[in-house]
Amino acid sequence: MYTASQNKTERLNLRLDTKAKARIERAAAFAGKSVNAFVLQSAVETAQQTIDTFETMHLERSDAERFLEALDRPFAPNVALSEALELHDRDVTSR
C-alpha cells in the first residue's frame, strides 16, 4: 500500500475539465484530504488494481489441480512444435 510519507521526487501533470476538477475537489474534501493526496492515493490504488487484474490468474479448484498436474507431467513436444523449432534454428541467428 502507498504511504504519504514516502519520498516523492517525480511529477505527473494532467489536464481536466471543470466538472471533473470540481468532482475531485469535492471527493477530496469528503475524504478529509488535499486534492494532491486524494488524487495520488486514488491513482496508485487504481494502478495496483489494474496491474493485479492483468498479472493474477484465478482458477477454480479443479482447474488449478489440472494446471498443476500438467506442470508435473514430463514435457514431450508435438510434431508442430518440433517443426517450428527446426525452422527457428534454420532461419534465426541469435546474437
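With labels modelled as points extended 7 Å from the Cα through the Cβ direction, what inter-label distance (nm, one decimal) is found for K21 paired with A37?
About 2.2 nm separates the two model spin labels.
Could you give the size of the charge dipole of the stretch 39-95 about its Cα centre, using +1 on the Cβ of each K and R and -1 on the Cβ of each D and E, expressed in debye and rounded to the nearest 20? Numbers along the way, then the final one.
Details: 5 positive and 12 negative charges, 27 e Å.
My answer is approximately 120 debye.
Size of the dipole of the chain about the Cα centre, Lys and Arg at +1 and Asp and Glu at -1 on the beta carbon, nothing else charged, in debye to 20?
Values: 13 positive and 15 negative charges, 217 e Å.
The calculation lands at about 1040 debye.
If r is the Cβ-Cβ distance from K8 to F54 and R0 is 30 Å, what FRET efficiency results, to the nearest 0.05? Don't skip to the answer; put the middle values down first.
Details: r = 26 Å, r/R0 = 0.86.
Here the calculated transfer efficiency is 0.70.
Once log10 I(q)/I(0) by the Debye sum over Cα atoms at q = 0.12, 0.13, 0.15, 0.23 Å⁻¹ is worked out from the coordinates, which option in (i) -0.38, -0.44, -0.55, -0.99; (ii) -0.72, -0.75, -0.81, -1.24; (iii) -0.35, -0.41, -0.55, -1.35 does it equal?
Comparing each candidate, only (ii) matches the computed number.
A short reminder: the numbers here are calculations on the coordinates, not readings from a lab. Worth saying up front: this structure is predicted, and the values here are computed from it rather than measured. We place every Cβ from the backbone using ideal geometry, glycine too, and count neighbours over all the protein chains shown.
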